[in-house]
Amino acid sequence: MLAATSNNNNLTMASLIRAARASAPRRAIASVSACREFSAMLTPVEEFPGLPSTSPSKATAGTASVTTLSNGLTVVSETGSSTSTIQLTFPNGGSASESASESGAAIANQFMSFKSGSGLSSAVILRNLEDDGAKPFASASRTGATVGFTASKDKALRLIPLLATSSTYEKWDVRDAQATAKVLCNEAESTAQTVLSESIYDAAFGAQSGMGKSFYSTSASGSSIRSFRERAYVLNGAVVAATGIEDHESFVKAVEEGFSESNVGEAIVSTPSVFLGRESRVHAPSAGYTHVALAFEGPKSSALANVIQQCINVGSEGALSGFVAPGVVGAYSGSAPADASSAVDALVASITAAPSAAIVNRAKGLAKAQAMFALEGASSSLADVMTDSVLENSTFSAAEISAAYDSITAQDVAAAFDAMAKSSPAMASVGDLSSTPYQGSISAKFG
């Protein structure tokens, strides 16, 4: 066990290795942070000496800080959270960035995080996290991968080097990652909603494209897992987001020191997949239910996409579910098989009829409130918002996020719906499709 003895010295990967090997006392990096607009610590006002305070002082707002390092890594931090979530996101770590020979490498690499590397065993890495009460996490999707942890503010910074370990791809770690990925894939194949999500990407972009091929693949070999990670899990273009950080400049220095031995890599320029607007059907009569989704190419603005989603929810009075996912926006409906045709008609109507000004105003309010609640949620939720904002706009500011929703006009929304109504929709259906119309039968209603 490594015991913290100092709050004033930066912890390098080499010193962490030496400490682990020699069981020497560890050093902790001083806790640092910046500011968040939507939160402030509530400082008690001492109304009567010696008695507990009964009313807090007024909350004060702060600002976030963003720095891009010479190696291409962007660091964003804020101070409002009472705990620290520090996460490292690789925008090219998703399945859309896999080569033809690397299918399944993205989902497998999700489970290679916090494994043996940089002279540390998996047991030592996990013990350091556990000893400091940190909760590690790792995730992957079509469009990226994230590894991080949530810990108390006074413990978080000394653990930064554990995010930067260079995997040694031990055989047992690779086998475990492949086995866990297989379990996740099997679960996905048995879940109608997941199958529908995979099908809508197939219909939208084509199964041979990066965005259209399935994320859930079990064909990754040990060599493809390694080649993908070494190419995609690099600092150049990645984002470190941290909550509960008081001194941004000191935090940046800690990141530079902690990641000094990490793979910088080359900036990857992704080729966007072309939206095709096709159809995917998975007929399963035994399901006894029909799931249908229509998807369209999403707008560049995530705020506008979220307003479109809420317009569908509000306009249908909850009968349909709007959805937003990377690259697409659309509507979903589930029904009894005999009612599938009516459900599809409702989906078509939700897109081809522009929402009224009243619906747009309500949708804007709901979308904005949802965005603001995400800022005020758990530190991990805030870290996700910060990362998404930096990847989309190269900045993060709660005021800017709020302003993005306020600036959306009814004309903007009408133009977005008009563009969808004039395009060929991607249509995916899963379940009992005996009464479900084909995309060709509804295409005349678009364009």
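Computed from the coordinates by the stated procedures, all read-outs in this text should not be read as laboratory data. This is a predicted model, so every value here is computed, not measured. Cβ coordinates were reconstructed from backbone atoms using ideal geometry, including for glycine residues, and neighbour counts include every protein chain displayed.
In table form, for the structure just shown:
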| item | result |
| --- | --- |
| Kyte-Doolittle at least -1.0, axis length at least 24 Å by Cα - qualifying DSSP helices, the chain | 171-189, 357-375 |
| Peptides 238-247, 184-193 ordered by average Cβ neighbours within 10 Å, highest first | 238-247, 184-193 |
| Dipole magnitude (debye, nearest 20) for the stretch 260-373, charges at Cβ of Lys, Arg, Asp, Glu | 280 |
| Residue order, fewest to most beta carbons within 10 Å, for 278, 142, 158 | 278, 142, 158 |
| Label point distance in nm, residue 422-residue 370, each placed 7 Å from Cα along Cα→Cβ | 2.7 |
| R0 of 22 Å, Cβ-Cβ distance residue 183-residue 219: FRET efficiency to nearest 0.05 | 0.90 |
| R0 of 45 Å, Cβ-Cβ distance residue 274-residue 82: FRET efficiency to nearest 0.05 | 0.50 |
| Centroid-to-centroid separation of the stretch 345-368 and the stretch 275-290 [C-alpha atoms, Å] | 25 |
| The chain: calculated mean residue ellipticity at 222 nm from DSSP helix runs of at least 4, using -39500 (n - 2.57) | -11500 deg cm²/dmol |
| Distance cut-off 42 Å, percentage of C-alpha pairs in the chain lying past it | 22 |
| Reference-scaled alpha-carbon Rg (2.2 N^0.38 Å with N residues) for the stretch 279-445 | 1.11 |
| Under 12 Å from the residue 435 label point (7 Å along Cα→beta-carbon), backbone N, the stretch 306-344 | 335-344 |
| Residues with amide H under 5 Å from that of residue 423, placed H, sequence gap 5 or more | 447 |
| Rounded Å value of the spacing that divides the Cα centres of the stretch 87-140 and the stretch 384-447 | 31 |
| Highest-MSF residue in the chain out of 265, 93, 237 [GNM, Cα springs under 10 Å] | 265 |
| Lysine pairs within the stretch 279-445, Cα separation less than 24 Å, 8 or more sequence positions apart or different chains | 5 |
| Cβ-derived FRET efficiency at R0 30 Å, residue 287 paired with residue 393, nearest 0.05 | 0.15 |
